[in-house]
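Below is one structure, written out as structure tokens, with a few remarks after it.
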Amino acid sequence: MRDVIVVGAGGGGPVVAKELAAQGLDVLLLEAGPRHANPRDEWTTFEDDANNPLTGYLRWGPSDRSKPAWFREWPQNSFVWQLSGVGGTTQHFYGNYPRAYPGVFEGYDGADKNGYDVDHRFPFTYGELVPYFEWVEATMPVMTAAMGHKEQTFFRGAETLGLPVQTTKTTHRPSYRPQENAILQPGGTAGKTASSELLVYPKATGCTFCGYCFQGCMRPNGAPRNQFAKRSTDNSYVPMALTANVWARGGKPIELITDAFVTRVHTEKRHGVLTATGVTWLSDGTEHREDARVVVMSGGCTENPRLWMNSGLPNPNGWVGRGYTDHFFDWVFGVFDDYTGNPKGVGSSARLDYPPYGGLENVGLPPALAAFAGTLSDSGIRGQYKNGRGQTGPWDGPAGRVMGPELKEVLSHGLDRLLSVLVITDDDVEAQNRVTLSALPADENGPIPKVTFKQRKRTARTLRNREFMARKAAELLRGAGAKKVYRIDWAPLILHVQSSMRMGSSERNSVLDARGETRAVKGLFVADNSALSNGLGGPNPTLTSQALATRTAEKIFSTYFGGDPWVRSSSPVVSTDPRISVRLGQLGL
Amino acid sequence: MPVPDPPPLSRRAFLARIGVLGAALGGGGLLARSVIAPADAATNPLLPTTVDLIRPVLAALARDTLNGLTVFAMPGPDPYSRTQGTPSSTPGAIEAGATDFIINSLDNFVPFPDAIAQPVGAALVTGLADSGIALPGLEVLPVELRRLDRALAAYLQSDEALPLSFPIAGLLNLMATQVNPLAVNGPHLSPFARLSYAEKAKAFELIERTDSDLVALLDVQFPEPLKASVSGLLKFVGGALIEFATFGAYGESAVYDKVSRTLRARPIGWSHTGYQPHGPVEGWDDFIGYYQGRQKVSD
């Protein structure tokens, strides 16, 4: 009998595991994929080797890469980028840690208060979450991003839009700024040389500007795991959870089991109340079962609903899996005469926020991913067909795929003379965008999920926001000096995932209560992006998700273990703490 | 024993449109005579079975079709790019090994469960094409055609796992002959590879059209509830084929050595784009400071 079992070691689960381990609870963390314990022996910097969704080391599939990936049904042209393995999608993320816009919380009273998804706000105030934002920001740590040439180019464009520079953590108005990100600032030789001999820890500390965020961070070379520049959870929260006894008084290290796919959450009626009792997982085809006082689902926006349904848990209001938000991304890029520095440095170190419409950020990509990004579209192929869309605007020609001879010409102009902008939409929670179980065959872990996005039938506000932000992206690129600007009109590329098990104030359209516990099953909590109430207005979700997971950990501790909350009364330990490095070394981790 | 009726014209048209007829008996002529004249095979136990004989035909057809796809993503100096009407003097997808990349991905790594493969196989065995398109070059002897069809059926109904590249090629070829019926004949093995760049785009337009029921257009019989899933799946497949073809063409897979985890040569996509001219790095000297000198913010 464990105190707590956490299902999934992605962006959210390790936060709960680490926080409760620090309080001395007995925590079991189960992860469906591998732990990449020795990235220097397991990883490269190559796109196909790393990112191929079928075969890459960062894919959604079992550890054994000779076996097929886990198939998921997407009944539309789209791509849901799930990852297995310790770290989950933080393994390939860019470490951006903006806070959610205040307008998506209850009690917001700004002049633009009616511009947000007013029917699906967080069931508490922005101020309530601030201490948790601060706690996570100090733990990671979150810093102001260093600038490379692609950021300089982005800022040159942003400066022409008549917006102020944001110099606070909280976003109060349309503005632009360097990212606040979970990337250690460059120190020593980092960022100042391309010489491999000089880029060795501790001569180099923090970000070396290698440009391989999407392939997984293992730099500077020679650094302890918890000193790698990018603070994915495999570099931050998981090392802390595994070493909780050395940095937290009374702390108890978690047990981490990898290649363990949870297939069922068990429940029983206690005093007439349905209560979680434990989980079953599959490991190498063998079933294992353990009981716990509390179970936390942290498998992500697609897998949590699947696990819920495969466990036969009740879904009285039908909202399990519904309300999936994805920021309805789009992709706009410019071709420049001059050097832009793409794809060097952190994947994305500059952003523009535009509440209540969404935001923009620059993105550097290597060649195959740049080609992929240029050909994922709902608007056909430029110059050939428009698939019923092909929007026109301040970009050149209709939106659509840049394909074949045109793609070759554009990319041959030089990857480092392009600048790409990710268009992030403040999208509404909608019941129709959802996870259900597929009619296609089950995999070894049970019936598979089907992820449906009705991208053309989204709310008028969502569609308007996307068009608004796409125009801003094109204007920014023109302002930065782009000679030609392309809009792709992406088909859903689902990388920012939120709210499919949403927390809300109303029993009619939420799965979780305001404490993060499921309304239908006591002792069962959800702590990851799926617990978010909405798409946050557009900011990248990890910080808010981790802040909420920290708050949920406190609620678990106080509700089920009789403990006191700690965030307002103590100071966090930073995840780069040398005691963690030493202990990881002793454990051979 | 009475001789069975030759397959109807609509079956002949279907086999022509998915490319099998041309590859096996037409310009391709890849099918061994022993299948066409099985009397020889029947009396000679050393000859391979019809399944063994048709398998390489279908593999060659799939490869040819997917060559037509990858040059659509990244043209080069090869014959497929010339046929497409967009030749390029610099290396393209063929030189970048993108066709191998696609075939390997489809056949070995896309989970293709039996519950889908079996209806797909059955559909290919029974598929008819009565779309009213006049197809040239169908004057194959009925007896030859019947034997080809039986060989195909024997293969598709065998216990062998169906490589996904074959039905994908069949889909592209069906769409190709919808766009241009003349594509049943010509250079290369497959109708899709015979299309111009604009015609290939039209074929994808048919696949992607969100208001059409592609399953109905294909005249393929799937049981419910799979039918709705397959219809949606095909829309996904249309986009994924394009994205995977470009990802493969610009990536390193053709020159990556899995054992040493290094590159044997500079990838084509890197040369075109100027990506990391001296190979992988530990870092770059691209740090130019902090915007407006600000290293920290707070509320």
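The values are calculated or read from the model by the stated rules, or taken from the named source; none is laboratory data. From a predicted model like this one, the values you see are computed outputs, not experimental measurements. As a convention, Cβ positions derive from the backbone with ideal geometry for all residues, glycine included, and neighbour counts pool all protein chains shown.
Data table
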{"item": "Residue within the stretch A:376-391 that is within 7 Å of another protein chain (Cβ to nearest Cβ) and basic (Lys, Arg) present", "result": "no"}
{"item": "Flag for A:SER510 being in a helix (DSSP H, G or I), at pLDDT 95 or above and among the small types (Gly, Ala, Ser)", "result": "no"}
{"item": "Search result, residues across the stretch B:18-69 that are of a type outside the set (A, V, I, L, M) and either under 13 Å from the mean Cα position of the chain (by Cα) or at pLDDT 85 or above (or both)", "result": "B:GLY19, B:ARG55, B:PRO56, B:ARG63, B:ASP64, B:THR65, B:ASN67, B:GLY68"}
{"item": "Test: residue in the stretch A:170-189 that is among the hydroxyl-bearing types (Ser, Thr, Tyr) and without any contact (Cβ under 8 Å) to a residue 24 or more places away in the chain", "result": "yes"}
{"item": "Qualifying residue in the stretch A:543-563 (condition: β-branched (Val, Ile, Thr) and within 23 Å of A:GLY358 (Cβ to Cβ))", "result": "yes"}
{"item": "Residue match in the stretch A:90-101 (condition: closer than 20 Å to B:ASN108 by Cα and within 14 Å of another protein chain (Cβ to nearest Cβ))", "result": "no"}
{"item": "Every residue from the stretch A:410-422 that is surrounded by fewer than 24 Cβ atoms within 10 Å (Cβ to Cβ), closer than 18 Å to B:THR70 by Cα and either at the interface with another protein chain (Cβ under 7 Å from one of its Cβ atoms) or without any contact (Cβ under 8 Å) to a residue 12 or more places away in the chain (or both)", "result": "A:SER412"}
{"item": "Qualifying positions in the stretch A:546-578 - loosely packed, with under 15 Cβ neighbours inside 10 Å and more than 24 Å from A:MET297 (Cβ to Cβ)", "result": "A:ASP564, A:ARG568, A:SER569, A:SER570, A:SER571, A:PRO578"}
{"item": "The lone exception for A:PHE453 - which of (1) in contact (Cβ under 8 Å) with a residue 40 or more places away in the chain; (2) surrounded by fewer than 18 Cβ atoms within 10 Å (Cβ to Cβ) it fails", "result": "(2)"}
{"item": "Any hit, the stretch A:150-168, residues being at the interface with chain B (Cβ under 8 Å from one of its Cβ atoms), part of a helix (DSSP H, G or I), over 22 Å from the mean Cα position of the chain (by Cα) and touching a residue at least 60 places away in the same chain (Cβ under 8 Å)", "result": "yes"}
{"item": "Any hit, the stretch A:191-205, residues being more than 11 Å from chain B (Cβ to nearest Cβ), in contact (Cβ under 8 Å) with a residue 12 or more places away in the chain and not in a loop (DSSP other than H, G, I, E, B)", "result": "yes"}
{"item": "Residue among A:SER545, A:SER571, A:SER575, A:SER558 that is in contact with a helix residue (DSSP H, G or I) (Cβ under 9 Å, 6 or more places away or on another chain) and in a helix (DSSP H, G or I)", "result": "A:SER545"}
{"item": "Conditions (1) within 7 Å of chain A (Cβ to nearest Cβ); (2) modelled with pLDDT of 85 or more; number of the one not met by B:PHE236", "result": "(2)"}
{"item": "Which numbered condition B:TRP270 misses (of (1) at the interface with chain A (Cβ under 7 Å from one of its Cβ atoms); (2) modelled with pLDDT under 95; (3) out of contact with any strand residue (DSSP E or B) (no Cβ under 7 Å at 6 or more places or on another chain))", "result": "(2)"}
{"item": "Selection within the stretch B:96-121 - modelled with pLDDT of 75 or more, assigned to a helix (DSSP H, G or I) and of a type in the set (Val, Ile, Thr)", "result": "B:THR99, B:ILE102, B:ILE103, B:VAL120"}
{"item": "Matching residues in the stretch A:181-228 - criterion: being among the charged types (D, E, K, R) and surrounded by 24 or more Cβ atoms within 10 Å (Cβ to Cβ)", "result": "A:ARG219"}
{"item": "Some residue of the stretch B:212-223 being at pLDDT 95 or above and more than 9 Å from every other protein chain (Cβ to nearest Cβ)", "result": "no"}
{"item": "Sole residue being without any contact (Cβ under 8 Å) to a residue 12 or more places away in the chain, more than 8 Å from every other protein chain (Cβ to nearest Cβ) and of a type in the set (A, V, I, L, M), chosen from B:VAL259, B:VAL281, B:VAL297", "result": "B:VAL259"}
{"item": "Counted residues, the stretch A:100-120 - those being surrounded by fewer than 22 Cβ atoms within 10 Å (Cβ to Cβ) and either in contact (Cβ under 8 Å) with a residue 12 or more places away in the chain or of a type outside the set (Val, Ile, Thr) (or both)", "result": "11"}
{"item": "Filter result (more than 8 Å from chain B (Cβ to nearest Cβ) and in a loop (DSSP other than H, G, I, E, B)) within the stretch A:48-63", "result": "A:PRO53, A:GLY56, A:TYR57, A:LEU58, A:ARG59, A:TRP60, A:GLY61, A:PRO62, A:SER63"}
{"item": "Failed criterion for B:PHE166 (all others in (1) surrounded by fewer than 20 Cβ atoms within 10 Å (Cβ to Cβ); (2) modelled with pLDDT of 80 or more; (3) farther than 19 Å from B:TYR197 by Cα; (4) not small (Gly, Ala, Ser) hold)", "result": "(1)"}
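Conditions (1) surrounded by fewer than 17 Cβ atoms within 10 Å (Cβ to Cβ); (2) part of a loop (DSSP other than H, G, I, E, B); (3) of a type in the set (Val, Ile, Thr), marked per residue:
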{"site": "A:TRP395", "(1), (2), (3)": "no, yes, no"}
{"site": "A:LYS408", "(1), (2), (3)": "no, no, no"}
{"site": "A:ASP427", "(1), (2), (3)": "no, yes, no"}
{"site": "A:PRO441", "(1), (2), (3)": "yes, yes, no"}
{"site": "A:ARG466", "(1), (2), (3)": "no, no, no"}
{"site": "A:ALA470", "(1), (2), (3)": "no, no, no"}
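Per-residue answers, yes or no, for (1) of a type outside the set (D, E, K, R); (2) out of contact with any strand residue (DSSP E or B) (no Cβ under 8 Å at 6 or more places or on another chain); (3) buried (at least 22 other Cβ atoms within 10 Å of the Cβ); (4) on the phi > 0 side of the Ramachandran plot:
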{"site": "B:ARG63", "(1), (2), (3), (4)": "no, yes, no, no"}
{"site": "B:ASN67", "(1), (2), (3), (4)": "yes, yes, yes, no"}
{"site": "B:THR83", "(1), (2), (3), (4)": "yes, yes, no, no"}
{"site": "B:PRO87", "(1), (2), (3), (4)": "yes, yes, no, no"}
{"site": "B:GLU95", "(1), (2), (3), (4)": "no, yes, no, no"}
